[in-house]
Every structure is written in structure tokens, then in C-alpha cells.
Amino acid sequence: PSQDGLKICCIGAGYVGGPTMSMIALKCPEVQVKIVDISAARIDAWNSDNLPIYEPGLHKVVTACRGKNLFFSTDIDEAIQEADIIFVAVNTPTKKVGIGAGRASDLTYWELAARRIAQVAETPKIVVEKSTVPIKTAEAISAVLHGAGKTRFDVLSNPEFLAEGTAITDLDNPDRVLIGGQLDESGQKAMDTLADVYAHWVPRDRILLTNVWSSELSKLVANSFLAQRVSSINAISAVCEASGADVDEVARAVGMDTRIGPKFLKASVGFGGSCFQKDILNLVYLCESFGLPEVAHYFHQVVHMNDYQKERFVGRIIHGLYNTVTGKKIALLGFAFKKDTGDTRESASIDVCRRLIEEKAQVAIYDPKVEEEQVWMDLTYACKMDKTEVQKYVTLCPDALTACKDAHAMAVATEWDEFKELDFHQVYDTMTKPSFVFDGRNILDHATLREIGFVVYAIGKPLDPKLSTA
Ligand code: UDX
Ligand code: UDX
Ligand code: ADP
């Protein structure tokens, strides 16, 4: 359906707002899409050839629309005033201080954005929550908007399910689009307007309309279940190592049960990303505040298992290297939380590196996409050290080979394809002997590595007889 003249604005030009709005602009050429942000640097980057986030296919989508019906701007007020639909895609990190610290979402950015909308909006607006938020946020936001605003607001919940690294294909072909709204006439009309935007490219039967609470809760539940699957297979990886089973064989056998399904059963050093831990902790906090401690405890265990898995990996490295890594060089390959992104939020690499620093190892890091400054920011924060202190233990390398030179061990923390293509004969020749590989992603050819001479540890695989475990 044509929506000629419709104007959309999105507050927050990050990992969610940027790609999502670019896709809407691409699919709805008659709709004007304007993305605004308080960070002028971010907006400048979006307007340049060097986009602020790395995402395969994104550049093509942005350049196809930018300047035609897609605009990036810091003029937030103007964008709000013009828009019919305002998406809010600001960051909602876990609270660091105050009530609910470490668990509840920090809604400061959301509330500031809502208050701005209330202040400047003169005509009726559809306000869409895109950021993952705790349930009942729409209600609170609606109260702020109507309390402080001078016009009508329909608040919708429209959680985003894209995964980083595959954002463009996920947006192009989503499993579903979820829209939650008030069930009165005005709410229904708002939902229909938003549904019509997505219907430009998403089949109608994949656009679900629900009440606001179902929509908000579904996002938390989807991420909690996905994280739970990863923690489940990671828990089983420990059983595999103890029993001699192979976790990939188990995952394959289990995943062929159509009731279980094959996806998201890849054992790893631990899940990361801005969403999983945050959303589970959100759900846990919510359950606790509803007086449901058993449910809270059940889901909290998913996070505990993830911490256990990261620690177990580090333990394998330390025990493998004869119970000490002090002064030993360890190549850490991959710093992003998964491949095909430069994002490091909650990356398992950060914890692995922090623990190796605590053990006074020399860590040589290589990641193909993560910015150097980002690594220093993450490590100074995680280790509670200043940069010069961290630099006593950590060096950043321009490639994997440099990182591995003279190293006692190579640890793979991110499943970047290029790590599979390394010349392992060459790597082996440059490393200290005996040379160890700790494959935290099970992407390497372990049999070949052993033939070359490496001692190899892989998640959930029968243990190498040459690997020390005590
Ligand atoms: C189960 C396994 O499905 C089967 O593969 C294995 O060989 C034996 O154990 P069964 O116990 O016969 O089979 O029945 P199943 O359909 O799995 O149901 C088990 C229980 O879970 C039932 O009480 C069922 O009512 C309950 N259930 C199942 C739910 O409460 N909700 C569901 O969504 C599915
Ligand atoms: C996730 C959800 O998938 C997405 O729907 C939601 O919108 C945001 O959160 P994202 O965090 O970008 O997306 O990436 P995802 O592919 O889900 O991976 C999350 C973490 O789990 C990564 O660290 C990944 O390496 C890890 N993972 C995933 C595994 O360790 N094993 C798996 O089988 C799958
Ligand atoms: P996400 O992964 O949820 O997209 P990001 O941190 O990548 O999170 O992006 C959120 C963006 O929102 C940032 O670029 C930040 O500058 C922006 N932002 C936060 N608060 C506001 C606000 N009140 N007005 C406009 N932009 C905001």
C-alpha cells in the first residue's frame, strides 16, 4: 500500500535504529525517513563513506537511499515536529547504580527522548518503542507523553529481532514483525499504519498484532530462550568433555528432532552481545518484582552457566599450560562478540582477557573489525585498571600471525572465517613449543592441527591426551 507523504523519524542512530530505518527507506521509497541522534560524530559518520557500524550489506542500502528519502541529522526537534511516526531506538543498558543496579534497564535515555517528544510535538504522533525495554515501559512512556505533551500520542511496541552481523538479511526477510498497541480505535489505527509500512515487503501473515504487554514480553522471552539454548548446549559441552562424547555430534542428533530444531546449538566460549544478558537480567528483575522468585532463579541460571563456561575455558588454558600462564604470551584471536561485527558489548573475549591479565599472562589480541580504542575501553573498564596498566599485559596486533609469534598458545574467541584460512604450518613454526590451540568456537580442523604438532583443546570435544587437566 502506498503511504505517500508519510514521514518517519527515528531517535537513536545506533545498531538498531540505523539498519532498521535504512531498510524501511529502501522498501518504502515514498516515505521520508529521518534518523536523528544527540551524537554529532555518529551522524557525521552516517553521512560519510565510513559508517559508524560494520554490518554486511548495510553500506549498499544506505547509499541507495541517503539524500533521497533517508536523512541523518542532529536536528531532533525538527524531525519530531515533522514526523507522523517516531521510533525510539536509544540505548537501554543495564543500570550500573541505584535500585535494580546490575539487572534493571537504565531508561534514562528513553525518558529523555520521550520528554523531548512531549515538549516539541504539536500534531498527533505514533510513538514506537524499538529499543528492548522492560515490560510496562509503553505505559510509563505514555504517561510521560500525555502528562507533559499537548497533543495525542499512540504508543506502540515494535521490538526488533535483527541479529548483528546478519542485520540486513534479517530485516529483509524477518521471521515475524511484532506490533503491540492499545486495543481502542486510535491504537488500532496506529497499529495498522505501522503494519502498512512493513507490509511493503513483509507478508501480512508474518505481521503480528498483539497487546502492548505481550509484545514487550515476547522480546525478552525470545532472547532469554535463545540464550538458554546456548547455555544448555554449553552445559552439555562440559559433560561431553568429561564423558568422551562430542558436543557437535550431540547437537546434531538432538537438533534433528523437529520439536527442538538445529539452530542455535553451537557450543562456544560463551554468548555475548548487547541483548542476551541484559534481557535475561531484565526478565529476572521483572519476576522478582512480581514476587516470582522461582521463575527469576530459573532464568538467572542461564547467565550463571554462561559465566561458568567462560571461566571453564580460561581454566582449560591455565591447566593446559601446566598451571601457570604468568609471563606467557597468549594470542587471543577475536574480540567481537561474534563474527561479522565490530561490536564488543558483553563479548566473552573481554572476560577471557581480563582473567588472563589477572593471571599475569601477556595477551596479544587480533580482531579484524574491532577498533583499537574500543579494546582499551573495554579492558580498562573490565579490569578496573588504567590504560598504561593494561598495556603492561596486552598488545594489539595487526594480524593473527603477528599475535601468534612466540606465543605459547592461541585462543580463538570469535568465529571469524579468516581464522580458518590461516597457514597453520607457518603459525606452528613461529610459536613456542609445545604449541597449544584453544578453540573456543570449534571452527578449526583439529585433526590437521594435531598432525602439525599442536596440542588442541576444543569445546565439548574428547580431550587431547597431551592436554594437562590438573
Ligand atoms: C517423550 C519424548 O517426546 C519422546 O521423544 C521420548 O521417546 C519419550 O519421552 P512422551 O513422554 O511419551 O515422550 O510424551 P511427550 O509428548 O514428549 O510429552 C511429555 C509430557 O510433556 C506430557 O505430559 C505432555 O503433556 C507435556 N508437554 C509436552 C507439555 O506440557 N507441553 C508441551 O508443549 C509439550
Ligand atoms: C540477538 C538475537 O538473536 C536477536 O534476535 C535480537 O534482536 C538481539 O539479540 P545478537 O546478539 O546480535 O542477536 O547475536 P546472536 O546471533 O543472537 O548471538 C548472540 C551470542 O550468542 C553471540 O555471542 C554468539 O556467538 C552466541 N551464540 C549464538 C553461540 O555461542 N552459539 C549459538 O549457537 C548461537
Ligand atoms: P542499540 O544497540 O540499542 O541501537 P546504540 O548504543 O548502538 O544502541 O545506539 C543508541 C543511540 O541512541 C546512540 O547513538 C545514542 O547517541 C543515541 N541516543 C541516546 N539518547 C538519545 C536522545 N535522548 N536523543 C537522541 N539520541 C539519543
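Every read-out reported here was derived from the displayed coordinates using simple, explicitly stated rules and does not represent laboratory data. Note that the coordinates shown come from a computational prediction; the quantities given were computed from them, not determined experimentally. Backbone-built Cβ (ideal geometry, glycine too); neighbour counts: all protein chains shown.
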Handout entry: the range 246-470: equivalent-ellipsoid semi-axes (sqrt of 5 x gyration tensor eigenvalues, Cα, Å)
Key = 29, 23, 16
Problem - Sites Arg115 and Leu292, calculated FRET efficiency, Cβ-Cβ separation with R0 41 Å, nearest 0.05 - result: 0.80
Exercise for the section: For the chain, restrict the atom set to alpha-carbon positions and state the Rg and Dmax in Å. Expected result: 23.8, 73
Handout entry: Sum of -39500 (n - 2.57) over DSSP H runs of 4+, divided by residues of the chain (222 nm, nearest 500)
Key = -13500 deg cm²/dmol
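Please grab the % of Cα pairs in the range 7-202 that end up more than 23 Å from each other. Show your work: numbers first, answer last.
On the way: 7669 of 19110 pairs.
Everything past 23 Å amounts to 40 percent.
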Handout entry: the range 329-349-the range 127-201 distance, computed between alpha-carbon centres (Å)
Key = 32
Practice task
Mind checking the full-extension length gain between Asp49 and Leu467? Use 0.36 nm per residue of separation minus the Cα-Cα distance, one decimal, nm.
Solution key: 145.7 nm
Practice task
Give a quick list of GluC sites (Glu not before Pro) in the range 68-166 that DSSP marks as loop, anything other than H, G, I, E or B, with at most 12 other Cβ atoms within 10 Å.
Solution key: Glu122
Practice task
Just tell me which lysines come within less than 17 Å, Cα to Cα, of Lys384; anything on the same chain fewer than 8 places away is out.
Solution key: Lys96, Lys360, Lys392
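Please go through the range 338-433 and write out the chymotrypsin sites (Phe, Trp or Tyr not before Pro) that DSSP classes as loop and that have at most 12 other C-beta atoms within 10 Å.
Nothing satisfies the criteria.
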Exercise for the section: Report the trypsin sites (Lys or Arg not before Pro) located in the range 65-139 that are in a DSSP loop and have at most 15 other Cβ atoms inside 10 Å of their Cβ, or state none. Expected result: Lys68, Lys96, Lys136
Practice task
Quick one: plug the Kirkwood hydrodynamic radius of the range 372-470 (C-alpha pairs) into Stokes-Einstein at 4 °C, 1.567 mPa s, and report D in µm²/s.
Solution key: 87
Practice task
Quick one: grab the alpha carbon gyration tensor of the range 161-302, order the square roots of its eigenvalues as a ≥ b ≥ c, and give me rounded if a/c is under 1.5, else prolate or oblate depending on whether a/b is larger than b/c.
Solution key: oblate
Exercise for the section: Among the listed pairs Lys7/Lys95; Lys60/Lys150; Lys95/Lys125; Lys328/Lys420, give every one whose C-alpha distance is greater than 31 Å. Expected result: Lys7/Lys95; Lys60/Lys150
Problem - Summed residue charge, Cβ within 13 Å of Asp106's Cβ, Lys/Arg positive, Asp/Glu negative - result: +3
Problem - FRET efficiency for Lys405 and Ser2, using Cβ-Cβ distance with R0 set to 60 Å, rounded to 0.05 - result: 0.50
Problem - Estimated inter-spin distance, Arg259 and Lys384, nm [label 7 Å along Cα→Cβ] - result: 4.7
Fill in the blank from the handout: Cα extents of the range 413-460 along the principal axes, largest first, in whole Å, come to 23, 22, 17
